[in-house]
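As structure tokens, the structure follows; a few thoughts come after it.
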Amino acid sequence: MKANRLLFAPHDLRTADPTTASDIYSGYFAFAGRTVNSHGESPFEIEPPTPAWAEALLGFSWLRHLRAADTAIARANARALVEEFIGNRHDRGEIARRPAVAARRLISFLSHSPLLLEGADHVFYERFVRQIVQTADRLQLALAGAVEGVARLQCLIAVSFAAISLDGQERRLRRLEAALSDELERQILPDGGHLSRNPRIIIELLLDLLPLRETFAARGLEPPRSIIMAIDRMMPHLRLFRHGDGALALFNGMGATPPDLMATLAAYDDARARPIEHAAYAGYDRLAAGTGTVIVDAGPPPRGANSVEAHAGCLSFEFSSAAQRIIVNCGASRYGSPELRLAARATAAHSTVTLDDRSSCVFGLVLGERRITAGPADIRAARQETEQGVEWVASHDGYKRSFGVVHTRRLVLAPGGNQLLGEDEISPSPTMASLPAAARFHLHPNVKPSLIREGQGALLALPSGEVWAFEASGLPVTLEESVFFAAADGRRRTSQLIIEFDAATTPRISWRLAKLGTAGRLPPGTDTEAEGGPAPVDQPPQG
């Protein structure tokens with residue numbers, strides 16, 4: 001790629017905090033849940049606390065905070081850091097060379113070039129443009145190799161940004177348009193989901209594709225139809241996961257929902273219609289009635305590089321009443337230890353049935369990454385409207401190889417959304433005399449549970465004053481510790497309700513979650529005698 005001038009600076013939709021510029025100027029770099037004080041040294045020279053911290057530093061997305069400060073000190077600081085990075089060739093480090101990191105850095109440099117170039121001399125300008133060209137060339141070379149998964153799509157987006165922002169790139173841009181179109185067609189499913197089945201990936205891709213569409217228009221070029229169609233499919237797909245409080249359901253790598261980014265994307269959402277309810281290709285369903293919302297996972301695990309963050313949560317669900325989430329999954333632990341991240345991906349960290357304390361998927365080490373190497377393959381799902389409410393039934397064979405059984409789950413959401421009926425069935429195995437099973441229901445940290453009737457049920461008190469009752473058709477309910485990984489301030493203690501049963505002798509269980517009323521106005525005769533549950537602690541869910 002030969003270029004001498006920058007013509008455009010793409011728009012960065014990620015929100016910025018100008019106060020962070022002061023922290024960076026003072027030598028404090030807070031990324032990926034860790035804060036490092038450089039003590040006057042170059043942040044590129046110090047030992048990174050985690051690989052995720054290093055990836056964030058070397059991706060330079062933090063330049064947006066310095067641009068938001070809009071001061072001479074912030075501009076000088078940004079230029080000094082970039083100049084030090086380029087001059088000492090930190091782009092040759094192992095983490096800096098990773099395609100996804102280099103792609104993010106290329107987009108960051110292009111987007112924040114006005115910050116870096118205002119008041120800069122010609123020597124810095126030439127060096128900066130040369131760095132952009134070299135990074136784009138290296139990414140194109142990497143794309144000729146084995147870049148897989150979402151990283152491949154991110155690389156193509158980054159190089160397309162470079163081709164449209166630099167002079168003399170018309171022919172290259174046409175070739176990139178074709179390659180990007182093909183990759184979008186391959187990775188973005190017809191219902192708007194991504195091959196990874198990770199809602200967070202949809203957010204990240206939209207934050208890049210929307211500015212790319214705008215940059216084409218700014219150059220007076222027609223945006224490729226593939227970009228427009230991908231955006232139009234992803235927007236309603238993202239709404240499928242949204243609870244009443246605005247947070248997204250916690251499936252396959254989704255952690256804390258960034259409300260600022262969701263608000264930004266909502267401003268670009270032209271349709272603003274009802275969320276789609278059935279994503280057949282991505283494998284998700286949404287049941288909505290009255291103030292109740294149920295979001296369920298009924299898809300096979302993704303394959304290969306797309307499974308590096310995927311979870312073993314087939315047939316897990318989340319349930320919310322108005323603006324309060326009640327039943328959740330534990331969510332993703334992106335920045336914890338490898339053991340903690342793996343625990344968050346296990347079946348036991350999801351609101352579904354676990355057999356013999358095993359996950360329904362197998363996690364294997366492939367090319368240094370924990371990928372899913374085996375899991376549910378035959379998954380069947382159906383839904384219908386009945387007099388009792390919205391009925392959803394699905395099954396998966398993730399435990400067939402280990403135990404020769406199939407798990408089937410049936411959910412019915414009442415018309416007013418004030419009752420959720422559930423049934424879990426494990427197809428009997430004639431060769432197995434006993435099969436320990438546990439149906440888990442992880443609770444949102446704001447829910448206060450208490451056992452009643454000597455463990456035959458539980459009351460769930462919500463911050464809104466609503467009280468819900470949980471029971472399991474005579475089976476004992478236990479209250480145990482759990483961890484919620486998706487809190488805005490990190491991990492939080494919470495609890496989980498568990499129904500333990502022997503799937504060989506009791507292959508089918510039923511349970512019910514129903515709204516009783518509000519605190520102080522419960523129906524007469526309501527049994528509210530509570531038993532104390534174990535105090536939650538900050539560690540992975542049991543099992």
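The values are calculated or read from the model by the stated rules, or taken from the named source; none is laboratory data. Model, not experiment: these values are computed from the prediction. Glycine also receives a Cβ, built like all others from the backbone with ideal geometry; neighbour counts cover every protein chain displayed.
Points to keep in mind about this one:
- Residue count for region 24-35, restricted to those that are touching a helix residue (DSSP H, G or I) at 6+ places or on another chain (Cβ under 7 Å) and either basic (Lys, Arg) or part of a strand (DSSP E or B) (or both): 4
- For region 37-47, the criterion of a residue being within 23 Å of Pro211 (Cβ to Cβ), surrounded by fewer than 20 Cβ atoms within 10 Å (Cβ to Cβ) and among the aromatic types (Phe, Trp, Tyr) is satisfied by no position.
- Test for Ala458: is it touching a Ser or Thr at 6+ places or on another chain (Cβ under 7 Å), free of Cβ contacts under 8 Å to residues at least 40 places away in the same chain, hydrophobic (A, V, I, L, M, F, W, C) and within 30 Å of Lys515 (Cα to Cα): yes
- Within region 459-478, being closer than 27 Å to Ser333 by Cβ, touching a helix residue (DSSP H, G or I) at 6+ places or on another chain (Cβ under 7 Å) and surrounded by fewer than 16 Cβ atoms within 10 Å (Cβ to Cβ) holds for one residue alone: Thr478.
- Candidate set from region 421-458 (those that are touching a helix residue (DSSP H, G or I) at 6+ places or on another chain (Cβ under 8 Å) and not in a strand (DSSP E or B)); member that is farthest from Gln324 (Cα to Cα): Met432
- Across region 178-187, a minimum of one residue is classified as under 23 Å from Gly313 (Cβ atoms) and either surrounded by 16 or more Cβ atoms within 10 Å (Cβ to Cβ) or out of contact with any His (no Cβ under 9 Å at 6 or more places or on another chain) (or both).
- Within region 106-121, considering residues that are touching a residue at least 60 places away in the same chain (Cβ under 8 Å) and surrounded by 19 or more Cβ atoms within 10 Å (Cβ to Cβ), the one farthest from Leu205 (Cα to Cα): Ser113
- One residue stands out among those in region 130-149 that are farther than 25 Å from Ser113 by Cα and among the small types (Gly, Ala, Ser): the one that is nearest to the chain's Cα centre (by Cα), which is Gly149.
- Residue satisfying condition, being assigned by TED's automatic domain parsing to the domain that holds Ile157, without any contact (Cβ under 8 Å) to a residue 24 or more places away in the chain and of a type in the set (Lys, Arg), within set Arg92, Arg75: Arg92
- The residue pairs whose first member lies in region 199-220 and is closer than 14 Å to Ile157 by Cβ, whose second member is among the small types (Gly, Ala, Ser) and buried (at least 19 other Cβ atoms within 10 Å of the Cβ), and whose beta carbons are closer than 6 Å, counting only pairs six or more residues apart or on different chains, do not exist in this structure.
- Which listed residue is crowded, with 22+ Cβ neighbours inside 10 Å and of a type in the set (Phe, Trp, Tyr), from Phe216, Phe161, Phe124, Phe128: Phe161
- Search result, residues across region 479-505 that are outside any strand (DSSP E or B), touching a residue at least 12 places away in the same chain (Cβ under 8 Å) and surrounded by fewer than 16 Cβ atoms within 10 Å (Cβ to Cβ): Ala488, Thr505
- In the condition set (1) in contact (Cβ under 8 Å) with a residue 12 or more places away in the chain; (2) part of a helix (DSSP H, G or I), Arg97 is compliant with all but (2).
- Test for Leu106: is it touching a strand residue (DSSP E or B) at 6+ places or on another chain (Cβ under 9 Å), at pLDDT 95 or above and assigned to a helix (DSSP H, G or I): no
- When Ala322, Ala332, Ala348 are screened for being surrounded by 20 or more Cβ atoms within 10 Å (Cβ to Cβ), within 17 Å of Ala247 (Cβ to Cβ) and either in the same structural domain as Val467 (by TED's automatic domain parsing) or polar (S, T, N, Q) (or both), only Ala332 passes.
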